[in-house]
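Reading through the structure tokens given below for one structure.
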Amino acid sequence: MNGMRTRSIKNVGMMLLMGIATLLVLTPLILVFYQIVKMGAGSINLAFFTQIPNPPGETGGGMANGIAGSAILILMASIFGVPTGIFGALYLSEYEGNRLASVIRFSADVLSGVPSIITGLVAYTLIVVPMHGFSALAGAFALGLIMIPIVLRTTEEQLKMVPVTLREASLALGVPFWRTTLLVTLRSGMKGIVTGILLSIARVAGETAPLLFTSLGNQFWSKKLTEPMAALPLQIFSFAIAPYDDWHRLAWGGALVLVVIMFVVSLAARWFGREKSTG
Amino acid sequence: MSHDEEVRDARFAGRFDGDRIFKGITLGFALTVILILLLMAAGMAVEALPAMKRFGWKFVSGSDWDAVQGSFGALPYIWGSIVSSALAIIAATPLSVGTAIFITELAPRKLGGAIASLVELLAAIPSVIYGLWGVVVMAPWLQKTVEPFLIEHFGFLPLFRGPPYGVGMLAAIFIIMIMIIPIITSITKEVLLAVPQSQKEAAVALGATKWEMIRMAVLPYGRSGILGAVILGLGRAIGETMAVTMVIGNTPQISLSLLDPAYTMPSVIANEFAEATSKLHSSALMEIGLILLALTLIINITARVLIWSVTSKQSAGGRR
């Protein structure tokens, strides 16, 4: 057949190119991962989790204040971001079909694409300026803003998967619509919603840019939420760009801890999601 | 108001109006999303106003950035952002699409699935960690191995002039590439999976080789979706802050050479905002933020519209 040979050579050539592209894509990604584990594992010891960073020049020290600070910031961000996302999603899924809902849905998608450093600028204008100082509260607000669109969209997806018949059964028993929504619809979708929340936590746990001029970072333990507070990603950043080897060592340790935390949270999220599909 | 809601409202008319209150509350929460977007734009515009009034259009055309003299021109940052994201996206697109095709069409199902979840897992690694890797591992490698090679063999091109610093535009392009490839790959994968099986079978039935099937049936069908994925990646690239800040060298200059240090819009905000002492300085940084916001909004809205158009086609065409 005319040209069959060139066609099949071209076919094999293109297949090879796809394979090479895949290898090129995977190599640096695997390299990054390998180096985090290798360099990080050497830096982790008990002191890493119990001490605060030492001044430059002194060896040892840890990132205890950063780990605790990240936990506090994420907790506060969740208190503000999770309910907002879930209640917003209830509106989108239960009163869908109107124009306003699609505008809100579109805004949420657009919002999740806004660079996180801009979220930091907004938190600065709205919280830091009126309160006359950098604070943990401002950092948590910025992280909460990032969580809202993620929780909103994943929750909405879950609520839409709850069968209409469940809702109708409840309504037929004379349960008001709002109680049906809270006690039947929301409850049935709960596992998927937890997945969404966990994913949003995994996402904000590594956010650095929005904390730079809100939570600011702190070399020591913070005593109040109105003070600057340390966070693990902030510490990784400032230690990575510092010229001290011992600080680089801490940065790698921090990177490993952060990645492990995020993977555990993502795995937990997947596990919750799987429970849902089998049950 | 839809028919369902009218029925609902009529059913509970005259009783405790929990439904109406509930709707109001949920609507309030849902509206915060729009409120946040509006607050973002308005708040930043107000803060940027002093710089806008002072410099006008010279802000985007000037390249003098001096906090002490109070003279601010953002061109080097705009240039740095556009060049780094554009080159990164040009290099990342064929690699991502190739990987997505490999995952969906060529690899055995299990291998494809494993690669896909690996790529997704690595997409979750935070920017600051890529930055750490970039500054400790990648930049020295560029400085000692890649850049001397480029200078020796391609030094006659203006693109590769100057000493090998390690950190600089080239490092930023590399790190942005590594970070956006997983995103473009996973969205492209979804788009390719949405191509109806019947289209592919038709191509194969006409005697097409595997590549011809991909080129004639798969890629044209997913074209706008892939374009959406690429534009979404562009949005990420242009807003990428931490990793770029750590490897680009942070020097506000416009240079043709990829080896020279440069600066981007998010990076200058990250580096200078917390320490900006004068009102004009922070206002100028806010204006940079506003330009960045406008760019990402345009990029994201375009990408969403493109991806939505494919998703609606998909529901009509069926899934494999």
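The values are calculated or read from the model by the stated rules, or taken from the named source; none is laboratory data. All of these numbers come straight from a predicted model, not from anything done at the bench. All Cβ positions, even for glycine, are placed from backbone atoms using ideal geometry, and neighbour counts span all protein chains on display. Surface areas here come from the heavy atoms of the whole protein model, side chains and all, with no ligands, DNA or RNA. Shrake-Rupley method; radii C 1.70, N 1.55, O 1.52, S 1.80 Å.
Would you calculate a helix-derived [θ] at 222 nm for chain A, using -39,500 (n - 2.57) for each DSSP H run of n ≥ 4 and dividing by the full residue count, to the nearest 500?
Mean residue ellipticity at 222 nm (helix-derived): -23500 deg cm²/dmol.
Given 0.36 nm per residue, what is the gain on full extension from A:Arg7 to A:Glu58 after removing their alpha carbon distance, in nm?
Net length gain for the segment: 11.8 nm.
Taking beta carbons within 10 Å but only from partner chains, what does the mean come to for residues B:131-144?
4
How large is ³J(HN,Hα) for each residue in segment A:235-248, as worked out from phi by the Karplus curve 6.51 cos²θ - 1.76 cosθ + 1.60 (θ = phi - 60°), to whole Hz, x for Gly and Pro?
5, 4, 4, 5, 6, 5, 8, 7, x, 9, 4, 5, 6, 4
Buried accessible area between B and A (1.4 Å probe, both chains summed, ligands and nucleic acids excluded), in Å² to the nearest 100?
Roughly 7300 Å² of accessible surface disappears when B and A pair.
Compare the peptides B:169-181, A:162-174, A:131-143 by average per-residue count of other Cβ atoms within 10 angstrom and give them in order, highest first.
B:169-181, A:131-143, A:162-174
Which of the aspartates and glutamates could a cross-linker bridge to B:Lys58, judged by Cα under 16 Å and excluding same-chain residues fewer than eight apart?
In chain and number order, the partners are B:Asp66, B:Glu287.
Per residue of segment B:202-207, in order, report the coupling 6.51 cos²θ - 1.76 cosθ + 1.60 (Karplus, θ = phi - 60°) as ³J(HN,Hα) in whole Hz, putting x for Gly and Pro.
Those phi angles translate into 4, 5, 5, 4, 7, x Hz.
Using protein chains only (no ligands, no nucleic acids) and a 1.4 Å probe, work out which residues of segment B:34-56 have their accessible area cut by at least 50 Å² relative to the chain alone.
Going by heavy-atom accessible area, the residues of segment B:34-56 that drop by at least 50 Å² are B:Ile34, B:Ile36, B:Leu37, B:Met40.
Would you calculate the separation in nanometres between label points at A:Val175 and B:Ile34, each defined as 7 Å from the Cα along the Cα-to-beta-carbon direction?
3.1 nm
Calculate one ³J(HN,Hα) per residue across segment B:223-240 by plugging θ = phi - 60° into the Karplus curve 6.51 cos²θ - 1.76 cosθ + 1.60, and present them in order as whole Hz with x for glycine and proline.
Once θ is set to phi - 60°, the couplings for segment B:223-240 become 3, 5, x, 5, 4, x, 4, 5, 5, 4, x, 4, x, 4, 4, 6, x, 4 Hz.
Taking H as built 1.01 Å from N, whose amide H comes closer than 5 Å to the amide H of B:Ser71, not counting residues under 5 places away?
The list, which skips near neighbours in sequence, is B:Asp66.
From other protein chains only, count the Cβ atoms within 10 Å of every residue's Cβ in B:237-248, then give the mean.
4
Using a 1.4 Å probe on the protein heavy atoms, what percent of the accessible area of chain A belongs to carbon and sulfur?
Its accessible area is 69 percent carbon and sulfur atoms.
First compute the accessible area of chain B with a 1.4 Å probe, then give the percent of it belonging to carbon and sulfur atoms.
On chain B, the fraction of accessible area on carbon and sulfur atoms equals 66 percent.
Using only the Cα atoms of chain A, build the gyration tensor, take square roots of its eigenvalues as a ≥ b ≥ c, and label the shape rounded, prolate or oblate: rounded if a/c is under 1.5, else prolate if a/b is larger than b/c, else oblate.
Oblate shape, in that a/c is at least 1.5 and b/c is the bigger or equal ratio.
Choose one answer from B:Pro148, B:Pro252, B:Pro158: the residue with the largest mean-square fluctuation in a GNM of chain B with alpha-carbon springs under 10 Å.
Judging by the Gaussian network model, the answer is B:Pro158.
If one computes the Cα centroid of segment B:174-220 and of segment A:1-59, what distance in Å separates the two points?
23 Å
Would you calculate a helix-derived [θ] at 222 nm for chain B, using -39,500 (n - 2.57) for each DSSP H run of n ≥ 4 and dividing by the full residue count, to the nearest 500?
Value at 222 nm, helices only, nearest 500: -22500 deg cm²/dmol.
On average, how much accessible surface per residue is there in the protein assembly as shown, in Å², for a 1.4 Å probe, leaving out ligands, DNA and RNA?
44 Å²
Over all residues in A:202-213, what is the mean tally of Cβ atoms on other chains that come within 10 Å of each residue's Cβ?
Mean partner shielding for this stretch: 5.
In terms of the Cα gyration tensor, with a ≥ b ≥ c the square roots of its eigenvalues, is segment A:158-279 rounded because a/c is under 1.5, prolate because a/b exceeds b/c, or oblate?
It comes out prolate by the Cα gyration axes.
Pick out which of A:Gly88, A:Gly120, A:Gly19 has the largest mean-square fluctuation in a Gaussian network model of chain A, springs linking Cα atoms closer than 10 Å.
A:Gly19
Provide the packing ranking of B:119-126, A:23-30, i.e. peptides ordered by the mean count of other C-beta atoms within 10 Å per residue, highest first.
My ranking of the peptides, most packed first, is B:119-126, A:23-30.
Please give the contour-minus-distance gain from B:Ile301 to B:Val204: 0.36 nm per residue of separation, less the Cα-Cα distance, rounded to one decimal in nm.
31.3 nm
Output the pairs from A:Lys160/B:Lys189; A:Lys10/B:Lys200; B:Lys189/B:Lys210; A:Lys224/B:Lys279; B:Lys110/B:Lys189 with a Cα-Cα distance over 21 Å in this structure; if there are none, say none.
Distance filter (> 21 Å) returns A:Lys160/B:Lys189; A:Lys224/B:Lys279.
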